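Presented below is the structure to which this report refers.
The values are calculated or read from the model by the stated rules, or taken from the named source; none is laboratory data. Predicted model, so just to flag it, every value in this text is computed and none were measured. Neighbour counts are summed over all protein chains in view; Cβ atoms, including those assigned to glycine, are modelled from backbone coordinates with ideal geometry. Please note that ligands, DNA and RNA were not included when accessible areas were found on the heavy atoms of the full protein model with its side chains. Shrake-Rupley method; radii C 1.70, N 1.55, O 1.52, S 1.80 Å.
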Amino acid sequence: MKEFTIEKNDATQRLDRWLGKTLPLLPAPLAQKYIRLKRVKVNGKGSQRDYRLQLGDRLQLYINDEFFDTPTPENAFLSVFKPSLSIVYEDENLLLVDKRPGMVVHPDESERVNTLITHIQAYLYQKREWSPYWEHSFTPALCNRIDRNTGGIVIAAKNAETLRIMNDKIRDREIDKFYLAVVLGRMNPPEGRLESFLLKDEAKKQVAVYRRPVPGGKNALTLYKTLRVKDGLSLVECELLTGRTHQIRAQFADAGCPLLGDGKYGRERENKKYGRSGQALYSYKLTFSFPTDAGVLNSLKGKTFTVENVDFVDEYFGG
């Protein structure tokens, strides 16, 4: 329990708004719940959220200590009252989450709270599976990343052993990653392999495609297969054999069939014609091939996980 005495600057302020200012990590719905449960007392008695505080009022807060901390990226999960996650699979070691387009995976300069890892941490914290306040606690971590405007499956490790194994498996290419993409025109041939070297321009946050090795360039390999063709668009399945920045987007643009909706590598006129903003790209399927031992994750060997729905497939190809 922590006690506060209302001073002149806070007098006449509503109780719920005072709580929001004093405890910025405490979600507003949870603050209102605590008021209803009388875990917030005014002068020793329960109160209402719209009570106007008076000079000298004594407030007793029966609220967990962590909500009194200063907000940081590490404790941002506390301010997420209702985690928003689309869970594809979960066990005691990991989570597979279908990230929606538009959400960033980690906090950055544009978003500190509404990120995928923050929602995952809030979910596990509220399930009482994890707390940073436990001794020797491992902080849940992402094993792979997906661009803000791309949707799809992200792997989250619940413990250090899972993170280590997953990092090894991703490095050794023992996890098969498949994407769906809508591209302009038709790929020729309809099924094949894209192989090139990508050189990243850090200032422009963009990559250039080269057919031969260049200093600083990284090899990029993508297998593709055309699944459907309709109204000048093609639905293509891509399998990443490497995982380079903007690999699919840059390679298909270089092949003459940029992704629909891609504002960086695509064609703005065509994007407007089809009414698409944001690249039509989705990491829709993962297969844990695991040709070598996977320790605590051996039960996943040979299993494939697929998202239930990809919106642009329905929109442009009728399901």
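For P71, what is the net charge nearby, where nearby means another residue's Cβ is under 15 Å from its Cβ and Lys, Arg count +1, Asp, Glu -1?
Surrounding charge for P71 is -3.
Skip the ligands, DNA and RNA, and give the accessible area per residue of the chain with a 1.4 Å probe, whole Å².
Computed with neighbouring chains in place, this is 52 Å² per residue.
Sort 3-9, 286-292, 154-160, 302-308 for me by packing, meaning the mean count of neighbouring Cβ atoms within 10 Å per residue, highest on top.
Descending mean neighbour count gives 154-160, 286-292, 302-308, 3-9.
Sum up the charges of everything whose Cβ sits under 11 Å from the Cβ of D50, counting Lys and Arg as +1 and Asp and Glu as -1, but leave D50 out. Intermediate results must be reported in sequence, preceding the final value.
Numbers: positive: R14, R17, R49, R52; negative: D16.
Taking every Cβ under 11 Å from that of D50, the sum is +3.
Just add up the charged neighbours of W18: K/R +1, D/E -1, any other residue whose Cβ is under 12 Å from the Cβ of W18.
Working: positive: R14, R17, K21, R49, R52; negative: E7, D10, D16, D50, D57.
Once all neighbours under 12 Å are counted, the net charge is 0.
Solvent-accessible area of K38, probe 1.4 Å, all protein chains present, reported in Å² to the nearest ten, please.
Rounded to the nearest 10, the figure is 120 Å².
Under a Cβ-only charge scheme (Lys and Arg +1, Asp and Glu -1), can you give me the dipole magnitude of the range 269-319 about the Cα centre, in debye to the nearest 20? Could you put the intermediate results ahead of the total?
Working: 7 positive and 6 negative charges, 41 e Å.
Rounded to the nearest 20 debye, it is 200 debye.
Using a 1.4 angstrom probe on heavy atoms only, work out the carbon and sulfur share of the accessible area of the range 237-290 in %.
C and S fraction of accessible area: 39 percent.
Taking the Cα centre of the chain as the origin and placing charges on Cβ (Lys, Arg +1; Asp, Glu -1), which of A31, L180, I248 is farthest toward the positive end of the dipole?
A31
Can you give me the Cα centroid spacing of the range 283-301 and the range 88-167 in angstrom?
The distance from the Cα centre of the range 283-301 to that of the range 88-167 comes to 18 Å.
What size of dipole, in debye to the nearest 20, comes out for the chain about its Cα centre when the only charges are +1 on Lys and Arg C-beta atoms and -1 on Asp and Glu C-beta atoms?
Values: 50 positive and 41 negative charges, 156 e Å.
Dipole about the Cα centre, nearest 20: 760 debye.
Counting only C-alpha contacts under 8 Å and six or more residues apart, can you give the relative contact order of the range 169-306 as a whole percent?
28 percent
Under 13 Å Cα to Cα from K177, which aspartates and glutamates show up? Leave out anything in the same chain fewer than 8 places away.
E237, E239
For the chain, what is the mean residue ellipticity at 222 nm derived from helices alone (per DSSP H run of n ≥ 4: -39500 (n - 2.57); sum divided by total residues; nearest 500 deg cm²/dmol)?
So the calculated ellipticity at 222 nm is -5500 deg cm²/dmol.
List the chymotrypsin sites (Phe, Trp or Tyr not before Pro) in the range 122-179 that DSSP assigns to loop (not H, G, I, E or B) and whose Cβ has at most 15 other Cβ atoms within 10 Å. Which are they?
Of the chymotrypsin sites (Phe, Trp or Tyr not before Pro), the ones in loops of the range 122-179 whose Cβ has at most 15 other Cβ atoms within 10 Å are Y133, W134, F138.
Averaging sequence separations of C-alpha pairs under 8 Å and six or more residues apart, then dividing by the length of the chain, give the relative contact order as a whole percent. Write down the numbers at each step before the final one.
Values: 620 pairs, mean separation 42.0, N = 319.
Relative contact order for the chain comes out at 13 percent.
Only Lys, Arg, Asp and Glu count, each charged at its Cβ (+1, +1, -1, -1), so figure out the dipole size of the range 208-268 about its Cα centre, rounded to 20 debye.
That gives a dipole near 180 debye.
Ignoring any ligand, DNA or RNA, what whole percent of the accessible area of the range 79-207 comes from carbon and sulfur when the probe is 1.4 angstrom? Kindly include the intermediate steps, with their values, before the conclusion.
Details: 3110 of 6660 Å².
For the range 79-207, the apolar C and S fraction of the accessible surface comes to 47 percent.
List the aspartates and glutamates whose Cα sits under 17 Å from the Cα of K127, skipping any in the same chain fewer than 8 residues away.
The qualifying aspartates and glutamates are E66, E90, D91, E92.
Of K82/K303; K2/K45; K158/K218, which sit over 21 Å apart, Cα to Cα?
Working: K82/K303 30 Å; K2/K45 15 Å; K158/K218 31 Å.
In this structure, K82/K303; K158/K218 exceed 21 Å between Cα atoms.
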